[in-house]
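Since the structure comes first, as structure tokens, the remarks are kept for the end.
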Amino acid sequence: MRFAPPNPLRIADRASGLNAVSVRSYNERLVLSLLLQKASTTRLEIGERTGLSAQTVSVLVRSLEQEGLVAKGEAQKGRVGPPTVPIVLNPEGAFSIGISVGNDHTDVVMIDFVGEVRFHTMLPNPEVDRVSNHSEFLTTIREAIEMLPRKARERLAGVGLALPHSVADRRNGEAYFKALQDEIEQHLAVSVFVQNDITAAASGESMFGAAKPLTDYMYFYLGANLHGRLVLNHQIYNGNSPVSFDVGIAALERQLAEEDRPVAPRRAIEADWSGLGDLLAGWEKRLVDQMAHSLDAVSQFVEIDTAVLSSTAPRQVCAGICRKLEASSGVKVIAGTIAPSPKAVGAASLPLSSRFMVE
């Protein structure tokens, strides 16, 4: 299975050296990356941050405008001289599909160039007696694409596929997902970018969410289990073996089942878990203790002053966990903002990152 993304669309041959075409392409990607980090940026600010001349910046911005990737923002008045017109990413400049394959269901999303979710649905995973559900995947992706105006469909950057290790190890997982990747590329004529689901979720939070302005931080994903990724200089580090802790939502659900109490809806971000009382408090303490221990272990090697917690648990629960972890560890803790499916949105970020952003 190809886990490395294909060559970027805007660079013909990265191995051929820095010729004029590749230099310009790199500079264009640099401008787009800056606009992704800061929603509205002037030509002057781009020049100051990149060291490029005013003329070069103007040529790059004009080219990106002609391609429909950037647009002019609202004029900023109140300064001496004529109003300053900032540059912004054009949401319609590119689109991407994200697929997150879970243990019991699959999320499919379509996002635009600034990470807004334009389409979201959930599909059941294949039953035991079924070979695959590839046809449902293909039909759903077509439905998402057909929501776009005909001309905008040409701006589909690709499909991102986020896979958990637990699923990839089952049903001859590698062969199954390689077949899915090949079918999508063959029938829909788009490239498929594959990544581990937690790493993909971290990518989505970095590109479009609460971690956008951060350079170095610890990323936690709270799902059925608790997962972590260390991010340094915008680089997401994924160890050779997956590390997860059984203190996630699945552990809380087991406790509820043992007491014959209704199981908390794992995906209801607007749900109210306050009625769980002491059971919730005990679970939160074990969870916070594990995250604090992880932060302490990382701090032995790297100084980390910020952590990001992403989850599909209720927002108020995540906010409370962030406050408790911050008090326990002394590290600033921020709740992730990617919804409704951080992993699927993260998967959708992979084609956009690979094709348009600086690596």
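The values are calculated or read from the model by the stated rules, or taken from the named source; none is laboratory data. Quantities reported herein were computed from a predicted structural model and do not represent experimental measurements. Cβ atoms come from the backbone with ideal geometry, glycine included; neighbour counts cover every protein chain shown. Side chains are part of the model used for accessible areas, which takes the heavy atoms of the whole protein and leaves out ligands, DNA and RNA. Shrake-Rupley method; radii C 1.70, N 1.55, O 1.52, S 1.80 Å.
Anything in region 335-349 that is open to solvent by 20 Å² or more (accessible area, probe 1.4 Å) and either free of Cβ contacts under 8 Å to residues at least 60 places away in the same chain or in a helix (DSSP H, G or I) (or both)? List them, or say none.
343
How many residues does region 225-245 contain that are part of a loop (DSSP other than H, G, I, E, B) and surrounded by fewer than 19 Cβ atoms within 10 Å (Cβ to Cβ)?
Taking region 225-245 and keeping what is part of a loop (DSSP other than H, G, I, E, B), we get 225, 233-234, 238-243.
Pick out the ones that are also surrounded by fewer than 19 Cβ atoms within 10 Å (Cβ to Cβ) and you get 233-234, 238-243.
Counting residues in region 225-245 that are part of a loop (DSSP other than H, G, I, E, B) and surrounded by fewer than 19 Cβ atoms within 10 Å (Cβ to Cβ) gives 8.
Limited to region 299-320, what total is found for residues that are more than 26 Å from residue 256 (Cα to Cα) and surrounded by 15 or more Cβ atoms within 10 Å (Cβ to Cβ)?
Final tally of qualifying residues: 5.
Going by what's in this entry, would residue 39 be described as in contact with a Leu (Cβ under 9 Å, 6 or more places away or on another chain), exposed (fewer than 15 other Cβ atoms within 10 Å of the Cβ) and at pLDDT below 90?
For residue 39, the condition - in contact with a Leu (Cβ under 9 Å, 6 or more places away or on another chain), exposed (fewer than 15 other Cβ atoms within 10 Å of the Cβ) and at pLDDT below 90 - is met.
Filter region 40-66 for residues that are touching a Pro at 6+ places or on another chain (Cβ under 9 Å) and within 25 Å of residue 349 (Cα to Cα) and give the result.
Across region 40-66, the qualifying residues are 40, 41, 42.
Residue by residue through region 47-66, note down the ones that are under 24 Å from residue 94 (Cα atoms), out of contact with any strand residue (DSSP E or B) (no Cβ under 7 Å at 6 or more places or on another chain) and among the aliphatic types (A, V, I, L, M).
Of everything in region 47-66, those that are under 24 Å from residue 94 (Cα atoms), out of contact with any strand residue (DSSP E or B) (no Cβ under 7 Å at 6 or more places or on another chain) and among the aliphatic types (A, V, I, L, M) turn out to be 57, 59, 60.
Can you spot a residue in region 246-268 that is closer than 21 Å to residue 98 by Cα, open to solvent by less than 10 Å² (accessible area, probe 1.4 Å) and either at pLDDT 85 or above or β-branched (Val, Ile, Thr) (or both)?
No, region 246-268 has no match at all.
Here is a list of conditions, (1) assigned to a loop (DSSP other than H, G, I, E, B); (2) modelled with pLDDT of 90 or more, and residue 352 meets all of them except one; can you say which number that is?
Evaluating residue 352 over (1) assigned to a loop (DSSP other than H, G, I, E, B); (2) modelled with pLDDT of 90 or more leaves (1) as the failure.
In this structure, is residue 167 open to solvent by less than 10 Å² (accessible area, probe 1.4 Å), at pLDDT below 95 and either over 30 Å from residue 64 (Cβ atoms) or polar (S, T, N, Q) (or both)?
yes
Six or more apart or on different chains, Cβ atoms under 8 Å: show the pairs whose first residue is in region 25-52 and closer than 20 Å to residue 355 by Cα and whose second is of a type in the set (Lys, Arg) and buried (at least 17 other Cβ atoms within 10 Å of the Cβ).
Note: pairs meeting the criteria are 25/10; 28/10; 29/10.
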